[in-house]
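Bear in mind these aren't lab numbers, they're just calculated from the coordinates by the rules spelled out. Treat the numbers as computed from the prediction; the structure is a model and nothing was measured. Note: ideal-geometry Cβ built from the backbone for every residue, glycine included; neighbour counts use all protein chains shown.
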Amino acid sequence: MLTNCILIIPAVESVPMKKKLDLSAMPGHLARRVQQIAVALFAQELAELNLTPVQYSSLQTVCETPGIDQKTLATTIGYDTSTIGGVIDRLEARGLLVRNLSPADRRVRLVTPTPHGQALLEAATPRMLKCQERLLEPLSKADRKEFIRLMKTLVDANAELSNVPSSESA
């Protein structure tokens, strides 16, 4: 048991706070706000289908790659490998996916869509695309392409900080 312990905090150079920082000019703040808007639009468009953005991404990837293993699924959609199991649990409980042991490695779970999962994806995709359109609606066509290009540049340049390899290393 420690008593009378002194915590030594190393000196950190700080920015003088003479003028206030404008959050609306901070890229991290704006990225978080855009993500909030994207999730809100998704919820509006897909509310009656009871899918989250992560569940949609998982279902789409599994439908495009039947028999994908859980780790590859997590990496593909940029999700944490330790929590993808819960996402799959919820989709499996709804009868949208099934998991089977890999014949090559019994530690690996392979994920396959059910016909119900494929039908739900077909119903969800036009709505998801509408979300994307609504999100970018304020931008011109040229600005939309540039916005996507810039986001991809940031994601690829910072890939080591996420769960997904950059498109250059993929």
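What the table below lists for this structure:
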{"item": "Distant-in-sequence amide H partners of LEU97 (H built 1.01 Å from N, under 5 Å)", "result": "GLU92, THR114"}
{"item": "Added length on full extension, which subtracts the Cα-Cα distance from 0.36 nm per residue, ALA31 to GLU146", "result": "39.9 nm"}
{"item": "Shape box of the stretch 19-157 [Cα atoms, principal axes, largest first, Å]", "result": "60, 30, 27"}
{"item": "Order of ARG144, ARG107 under a 10 Å beta carbon neighbour criterion, fewest first", "result": "ARG107, ARG144"}
{"item": "Where labels lie 7 Å past Cα in the beta-carbon direction, separation of LYS130 and VAL155 in nm", "result": "2.3"}
{"item": "Neighbour-count order for GLU64, GLU48, fewest beta carbons within 10 angstrom listed first", "result": "GLU48, GLU64"}
{"item": "Per-residue Cβ neighbour rank within 10 angstrom, fewest leading, LEU121, LEU139, LEU73, LEU21", "result": "LEU21, LEU139, LEU121, LEU73"}
